[in-house]
Amino acid sequence: MSSPTTGVTSSAVSTPHAVAIDTAALIPPAHTQTWRGRLDAFNELTKPRITRLVTITSGVGYAMAGVAQPSWHLPSLVISSVGCVIGTACSASGANALNQWMERDRDGLMPRTCER
């Protein structure tokens, strides 16, 4: 089909462009190829010190709410508090890992965090 103003014909089918893929980026670093390296990387991603602080805060708040409820029985309070603490720890760890993934480009530009 020809354009009335330019007289240039355009085709309805575009040709595919070759995409260069950096295969070196697909290979994991050498330190993450061992179990110890993977555990270290997981530990760094989840930020255990921050996760511990958030989990303790949640546990204390849950315990204070549980003491104020005289109708709760001790076994159900213990089971639900363990669930609260484990759920909070998993949520905080996941949020920390997602935050590091989302901020990876900006962190690479800052001198303090460029080596992470």
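Based on the alpha-carbon gyration tensor of the range 38-116 and its eigenvalue square roots a ≥ b ≥ c, which shape applies: rounded if a/c is under 1.5, prolate if not and a/b is larger than b/c, or oblate? Prolate is the answer for the range 38-116, as a/c is 1.5 or above and a/b outweighs b/c. Rounded to the nearest 0.05, the FRET efficiency derived from the C-beta distance between Glu103 and Gln33 at R0 = 22 Å is 0.30.
When the residues Arg38, Arg49 are ordered by accessible surface, computed with a 1.4 Å probe over the protein chains alone, the sequence from largest down reads Arg49, Arg38.
The values are calculated or read from the model by the stated rules, or taken from the named source; none is laboratory data. Predicted, not measured: the structure shown is a model, and the values here were computed from it. Quick reminder, even Gly has a Cβ in these numbers, built from the backbone with ideal geometry, and neighbours come from all protein chains shown. All accessible areas refer to the heavy atoms of the entire protein, side chains included, with ligands and DNA or RNA removed. Shrake-Rupley method; radii C 1.70, N 1.55, O 1.52, S 1.80 Å.
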